[in-house]
1. Against the conditions (1) under 30 Å from LEU196 (Cβ atoms); (2) at pLDDT below 95; (3) exposed (fewer than 13 other Cβ atoms within 10 Å of the Cβ), where does PRO42 fall short? Just the number, please.
2. Within the stretch 167-235, considering only helices (runs of 4 or more DSSP H) that don't extend past its boundaries, which have at least 1 residues that are within 20 Å of ALA140 (Cβ to Cβ)?
3. From ALA221, ALA213, ALA238, which residue is more than 27 Å from LYS285 (Cβ to Cβ) and open to solvent by less than 40 Å² (accessible area, probe 1.4 Å)?
4. Looking at the stretch 98-118 only, could you name the residues that are farther than 21 Å from GLU51 by Cα and not hydrophobic (A, V, I, L, M, F, W, C)?
5. Without any contact (Cβ under 8 Å) to a residue 40 or more places away in the chain and closer than 26 Å to SER403 by Cα, is that true of THR344?
6. Which numbered condition in (1) surrounded by fewer than 12 Cβ atoms within 10 Å (Cβ to Cβ); (2) at pLDDT 85 or above; (3) within 30 Å of TYR364 (Cα to Cα) is the only one that LYS404 fails?
7. Considering the stretch 442-455 alone, what residues qualify as being part of a loop (DSSP other than H, G, I, E, B) and surrounded by 14 or more Cβ atoms within 10 Å (Cβ to Cβ)?
Amino acid sequence: MIKKNICGENCNLYGPGSVVLLSPAGSKMAAVDCDVPMDLEPEIMSEEEMEREAEGFKEQGNAFYIQKDYSEAFNYYTKAIDTCPKNASYYGNRAATLMMLSRYREALEDSQQAVRLDDCFMKGHLREGKCHLSLGNSMAASRCFQKVLELEHDNSQAQQEHKNAEAVQEYEKMAEFGFEKRDFRKVVYCMDRALLFAPACHRFKILKAECLALLGRYPEAQSVASDILRMDSTNGDALYVRGLCLYYEDCIDKAVQFFVQALRMAPDHEKARLACRNAKALKAKKEEGNKAFKDGNYEDAYRLYSEALTIDPNNIKTNAKLYCNRGTVGSKLKKLEQAIEDCTSAIKLDETYIKAYLRRAQCYMDTEQYEEAVRDYEKVYQTEKTKEHKHLLKTAQLELKKSKRKDYYKVLGVGKSATDDEIKKAYRKRALMHHPDRHSAATPEVQKEEEKKFKEVGEAFTVLSDPKKKSRYDSGHDLEDDGMNAGDFDANNIFKAFFGGPGGFSFEANQSSGPGNFFFQFG
């Protein structure tokens, strides 16, 4: 044993195993035994001892693996590798543990190292293939499984995994074709199936999320992208999908921020670049249209909204608003049928868009399509039961009820704001036009039709010439509720009263003009 002076400069050795302490003045003090071992270089283990120690670490790792304590198993397999780094099975075991921890990229590296050390290590090739497949690289996975089958041609696990890899390749082809045809539902279906075999493939998840966004299923798309970003906050594809969802939800400013961030992470990301450009262009054009509308430049607003609608047909929510805005402009320009079409287009894109229903309903009211107006207002009121919506519905229902009655204004050929004199002039003209005596030479069918019209003219005049009746008629009241019905009107008496009593007029045939031609004269 080597002795070491631990007492500083004032300590001298006195024989083996003893020291004499000196006072500050140099006088001797008692001798003390002080056996202190010197630091030694670490003892170098033999190769056999290292292998034995590594095996011990491996066995401990196996025990933890069986207990499903994969983190501890990983630690002991790592100790085994550190102790004996040339053993393929240790890398293979750690790869299996990493796979259970869903750390497939690290597991892939260990599997590849295992087969580099031992090309005949069947489990290593099998695990490498599984890692490739989990990460979505089905072709590389197929090569690995083929290698296993070369080593053991009847390996059932490799045969099944090889079929799984082929299935993933087929789903990829179907998804690619579906995306080209804009069949996004099919793409989502294919990616769901592929992800059963490749749960760690970000590429499949991103494609699924993008198609979910294109289908308007934004919360699902956001969830997929967020899961990826939790594992990799710099993933440009996931940032692009997050931006895409915001863009399609008409949150354009926030969307642009995500697109810019995606391009910062992946400068060559063409989809992010295109989406960013479209988002900026759409926002600018929409704002130009809004300004033109506020300034009363309706023709310019109509044109700008139309141009905005051509920028991105996939942006359902924004395009629904653009169609509704253009419908509003169309109603201002008295293009009511076009306005109805635009509102209908908006509703097709977004069935929950209340503003579009309200705008279309008003256009239906303006064009006297009351049944359609009532249907739209009912939809609105079912969704939002406000006093305003209830009033609009009741108004439309009243107009519908009124429209089902005889329209006395149309019978006389006057507008609803006609004066008393205009109503009288209209009655005079229509009564003489349809008087039965004027059509005495016509066929029975014509006589019957003209008699009917003559009675309607008298009925219309009776109501519209009486201020009280006219007021109740205009307010939508059913005149039959007041004890009046069509049978109470005598058109001939009304005619006689209007033209001054019996004997005050007569119709005579004009023989030179042929049958059916009459003139009337006052007595």
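1. Only one criterion in (1) under 30 Å from LEU196 (Cβ atoms); (2) at pLDDT below 95; (3) exposed (fewer than 13 other Cβ atoms within 10 Å of the Cβ) is unmet by PRO42, namely (1).
2. Details: elements: 184-197, 202-214, 218-231.
Passing ranges, in order: 184-197, 202-214.
3. On the way: ALA221 fails: more than 27 Å from LYS285 (Cβ to Cβ); ALA213 fails: more than 27 Å from LYS285 (Cβ to Cβ).
From the options ALA221, ALA213, ALA238, the qualifying one is ALA238.
4. The first filter runs over the stretch 98-118 and keeps only residues farther than 21 Å from GLU51 by Cα, leaving 98-109, 112.
The answer is SER102, ARG103, TYR104, ARG105, GLU106, GLU109, GLN112.
5. Values: without any contact (Cβ under 8 Å) to a residue 40 or more places away in the chain: yes; closer than 26 Å to SER403 by Cα: yes.
Yes.
6. (2) is the only condition that LYS404 fails.
7. Residue satisfying the conditions is ALA442 alone.
This table checks each residue for (1) crowded, with 18+ Cβ neighbours inside 10 Å; (2) not aliphatic (A, V, I, L, M).
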{"site": "LYS410", "(1), (2)": "no, yes"}
{"site": "GLY413", "(1), (2)": "no, yes"}
{"site": "ALA418", "(1), (2)": "no, no"}
{"site": "TYR427", "(1), (2)": "yes, yes"}
{"site": "VAL457", "(1), (2)": "yes, no"}
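The values are calculated or read from the model by the stated rules, or taken from the named source; none is laboratory data. Source: prediction; values computed, not measured. All Cβ positions, even for glycine, are placed from backbone atoms using ideal geometry, and neighbour counts span all protein chains on display. When the accessible area is computed, the model is the full protein with side chains, heavy atoms only, and any ligands, DNA or RNA have been set aside. Shrake-Rupley method; radii C 1.70, N 1.55, O 1.52, S 1.80 Å.
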